[in-house]
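Engineer: Dumping the structure here so I can ask a few things about it.
Rule-based calculations on the coordinates, nothing more; no lab input. The structure presented is a predicted model; accordingly, all values stated were derived computationally and were not measured. Quick reminder, even Gly has a Cβ in these numbers, built from the backbone with ideal geometry, and neighbours come from all protein chains shown.
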Amino acid sequence: MTETDLQRFPPPPMDQQERMVEAVLFAAAEPMSLREITQRLPVGCDAPEALQALRARYDGRGVQLLRVGDAWAFRTAADLGFLMQEQTVESRRLSRAATETLAIIAYHQPVTRAEIEEIRGVAVNRGTLDQLIELEWVRVGRRRQTPGRPVTFVVTETFLDHFGLESARDLPGLAELRAAGLLESRPPGDAPLFPAHTDADDDETGQPGVPAEDLFEDE
Amino acid sequence: MTETDLQRFPPPPMDQQERMVEAVLFAAAEPMSLREITQRLPVGCDAPEALQALRARYDGRGVQLLRVGDAWAFRTAADLGFLMQEQTVESRRLSRAATETLAIIAYHQPVTRAEIEEIRGVAVNRGTLDQLIELEWVRVGRRRQTPGRPVTFVVTETFLDHFGLESARDLPGLAELRAAGLLESRPPGDAPLFPAHTDADDDETGQPGVPAEDLFEDE
Amino acid sequence: MPDSAPIFSRGPAMTKVPYLTPVPDQAALPGLEPQSVAERQADEVLVVDVSGFEGPLDLLLTLSRTQKVDLMQVSVLQLADQYLAFVEQARALRIELAADYLVMAAWLAYLKSRLLLPPDPEAEGPSAEDMAAHLAFQLERLQAMREVSAQLMGRDRLGHQRFARGAPETVVRSRQVAWQAGLIDLMRAYARLRTRDEFRPYAFDRTDVFTMEQALERVRGLIGYVGDWTSLADFLPDGWDMDPKRRRSATAATFAATLELARQGKLELRQTDTFAPLTIRRRPE
């Protein structure tokens, strides 16, 4: 876009931009990324500013503008959930293995299957990961650059949306767990290896000694 | 509901009722009637009043609270309907067949399908002509007054617009094409083998835009 | 090795809490009837629905709760004893434990012996205390994950407490394909088509072009009769000397032909002065 274009079509005033973002997001069921929103607006619009104004406007309302990762969505206020009982989705109860695995992926991401098994002390049932992936709460991340190049698992935007989290950094208790060293693979004072779970036919030689600093950095 | 019930569970304040209606309508899959809304609210709520307040609140916003028959629903403001269209413009090169067919029509119009096929040396795919017609670059012209009365094809105003031509007569002739180095068989700068290429070439090229009757008498 | 938690084959797997379930009466073997309340309680702790556990670590975690201390203060020695007793009991009950549980039992027995014996200064690798600390860490970490997973599932979830727009408005997705074709493409295509024709009949439909082949043929035929210097112009074919366009073409072709024949040694070519007429003659034998 050139200077000339901008001059020829000046962006609409901010209150109009806010209305536009409101309309676009209200109409969508799924969170929309900043990029998608911008694409739908006339040229030259400032979507981030409009979003901030809109979020403030809906503060305390029955519907809230929420940030979900890089995306935005309107969702009903959680305190009014009781009004929507008819609409409650009766989701299949997740097994303990599934919820634990989900938590481990969320708090330790990106995490390899071997690391999950090391934490739980038991082999990860293939179906458990499948279920989480099918729910679109978990997806495959980048391969770990260690021998065997095991795949890692990370949580998705759908996960954030489902659990009402702005980002993976907002996971409950994350800071405390990190401070307690419980997101490390070793106790704080360094330590020995433990036979724990050794799966002979598991070639995911995930390296449990990855520093936790880079957690959440890349997703 | 009795007096006692009302006293025991006083209805929430109006601003809360408004929030509730807002959330309920937002989450509803269908427009909701006053009765349905009332049923969803706590006992003692005044749905009509909450709806009026809510309607006023959304007045002028990007989303409007509308009455749809006997029911209520949120809808995108009518003036923002254009935002509900996602236009993805995808640039694609016209296929070689289409380009050639278009060129023949432009240079020889009005031209019949049989004539196009004769020049190209291959059958013209129906889809190719359809595509050019759909693009509004080509339209059907008058029928040729020859046996079978075949339809002819001509280029359109849109075509001239797109290609920046005043008329099809402005299409460069073969000699000009050659001068511009557009003849692939003879790269520019390559000395001609024969003392050919005099102005005589233009006779053979056929003047652009000239009716092609004499070129295709055998059709 | 099985892919899932070990299941021992006593009826359907029980996955619901509490994980500790007393042995049903009929399952109690003769000779194992507990005598006292204390013993009976101990048995209830130990005799466990294995299928309720998600591996040895989970079992250890459950056992550690009986110590009623913070996990950091858990006595690994005591835990090892409890675990080994559990495995013993399971064996007594002829419950087949999966390999995972046995590996853990062996390791715990080893750890226990290391913890009890005075440290061997020669021993390599981690000390028994480090190993015990790591086990405590693992238990604590698993416990932490278990707690946050409960917190996570207890959040206001979409479709439970929070809802998306129930009637999302359809976005009309018009995928516009902008077909790219410039005038250049058009002209190139046309030129391609036309030159394809052009090369087949190349020279034939050129009425005003005298080709070098024609000139060669003509000069080659005539040169035999020309013993003396003769002007090049005299070699031009009839009818090609009047129209300037045709004359230029014929002259050029004839000149090119004489050059070629001169190169072949068939004739000689002479020009007495700048711009003077070109003359040719057969090369003397």
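Engineer: Just how large is the dipole of segment A:12-78 about the Cα centre, in debye to the nearest 20, putting +1 at every Lys and Arg Cβ and -1 at every Asp and Glu Cβ?
Structural biologist: 160 debye
Engineer: When Rg is the radius of gyration of the Cα atoms in segment B:12-78 and Rh is its Kirkwood radius, what does Rg/Rh come to? Show your work: numbers first, answer last.
Structural biologist: Values: Rg = 10.9 Å, Rh = 11.7 Å.
Using Cα coordinates only, the ratio equals 0.93.
Engineer: Let me ask something else. Can you list, shortest first and in nm, the gaps between the label point of B:E30 and those of its counterparts in the other copies, using a point 7 Å from Cα in the C-beta direction?
Structural biologist: List, nearest first: 2.7 nm.
Engineer: To continue, here is another question. Take peptide A:61-73, look around each residue's Cβ out to 10 angstrom, count Cβ atoms belonging to other protein chains, and average those counts.
Structural biologist: Per-residue shielding by partner chains comes out at 3.
Engineer: Follow-up. Shielding of A:159-166 by partners, i.e. mean partner chain Cβ atoms within 10 Å per residue?
Structural biologist: For peptide A:159-166, the averaged partner shielding equals 4.
Engineer: Amide H to amide H, which residues 5 or more places from C:G159 or on other chains are under 5 Å from it, using H placed in the peptide plane?
Structural biologist: C:A164
Engineer: Also, quick follow-up: Please rank B:Y58, C:Y225, fewest neighbouring Cβ atoms within 10 Å first, as an exposure proxy.
Structural biologist: Neighbour counts put them in this order, fewest first: C:Y225, B:Y58.
Engineer: Okay, next question. Would you pull out the residues with amide H under 5 Å of C:L267's amide H, same chain only if 5 or more places away, H placed 1.01 Å from N?
Structural biologist: Sorted by chain and number, the residues that satisfy this are C:A262, C:R283.
Engineer: A follow-up question, please. How large is ³J(HN,Hα) for each residue in segment B:11-24, as worked out from phi by the Karplus curve 6.51 cos²θ - 1.76 cosθ + 1.60 (θ = phi - 60°), to whole Hz, x for Gly and Pro?
Structural biologist: Along segment B:11-24, the couplings run x, x, x, 4, 5, 6, 4, 5, 4, 5, 4, 4, 5, 4 Hz.
Engineer: Rank the residues C:L183, B:L41 as a footprinting-exposure proxy: fewest other Cβ atoms within 10 Å of their Cβ go first. List each step's numbers first, then the result.
Structural biologist: On the way: C:L183 16, B:L41 19.
Exposure proxy ranking, most exposed first: C:L183, B:L41.
Engineer: Any idea what the A:G44 label distances to the other copies are, label 7 Å down the Cα→Cβ vector, nm, shortest first?
Structural biologist: Output for A:G44: 5.4 nm, nearest copy listed first.
Engineer: Something else: Students often check this: by mean Cβ neighbours within 10 Å, which of C:215-222, B:109-116, C:268-275, A:27-34 ranks highest, and how do the rest follow?
Structural biologist: The peptides rank, most packed first, as B:109-116, A:27-34, C:215-222, C:268-275.
Engineer: While we're looking at this one, here's another question. Order of C:K112, C:K68, C:K266 from fewest to most other C-beta atoms within 10 Å?
Structural biologist: So the ranking, lowest neighbour count to highest, is C:K68, C:K266, C:K112.
Engineer: Evaluate peptide C:59-70: per residue, the Cβ atoms of other protein chains within 10 Å of its Cβ; return the mean as an integer.
Structural biologist: Mean partner shielding for this stretch: 0.
Engineer: Sticking with this structure for a sec: B:D59 label points, 7 Å along Cα→Cβ, one per copy: pairwise distances from this copy to the rest in nm, shortest first?
Structural biologist: Label-point distances to the other copies, shortest first: 2.5 nm.
Engineer: Between B:W72 and residues 5 or more places away or on another chain, which pairs have amide H atoms under 5 Å apart, with H built 1.01 Å from N, and which residues are they?
Structural biologist: Here B:M32, B:S33 satisfy the definition.
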